[in-house]
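> Sending over a structure as structure tokens; questions will come in a sec.
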Amino acid sequence: MYVCSCFGVTEKQVKEHAAAGACTPRQIASASKAGTDCGSCVRHIQALLGRGNCPRRELLDQGMPALAPETTDLSEAA
Ligand code: FES
């Protein structure tokens, strides 16, 4: 199923990028361009990232700032 129809990025691809360490919509955008055109998919991407698809997110939530470069600015992508 497509998450980003502008760039033809699927839910599976977003999950793969998340598994590879992309924990924010911005990092997903860097990896796949998803969310960088109309932006209507960003919320969906955020939802996918919030469902435990990113293994590093747990560490971030536990307060390991060394793993959180520009990952705290979710508001910008909303
Ligand atoms: S649907 Fe993703 S940028 Fe338009």
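> Place the peptides 40-47, 20-27 in order of packing, highest mean first, counting for every residue the other Cβ atoms within 10 Å and averaging per peptide. Could you put the intermediate results ahead of the total?
Numbers: 40-47: 17.8, 20-27: 20.0.
Descending mean neighbour count gives 20-27, 40-47.
> Could you work out how much longer the chain between residue 1 and residue 40 gets when fully extended? Use 0.36 nm per residue separation minus the Cα distance between them, nm to one decimal.
On the way: separation 39, 0.36 × 39 = 14.04 nm, distance 1.52 nm.
Result: 12.5 nm gained on full extension.
Read the figures in this text as sums done on the coordinates, not as results from a lab. The structure presented is a predicted model; accordingly, all values stated were derived computationally and were not measured. Reconstructed Cβ throughout: ideal geometry from the backbone, glycine too, with neighbour counts over all protein chains shown.
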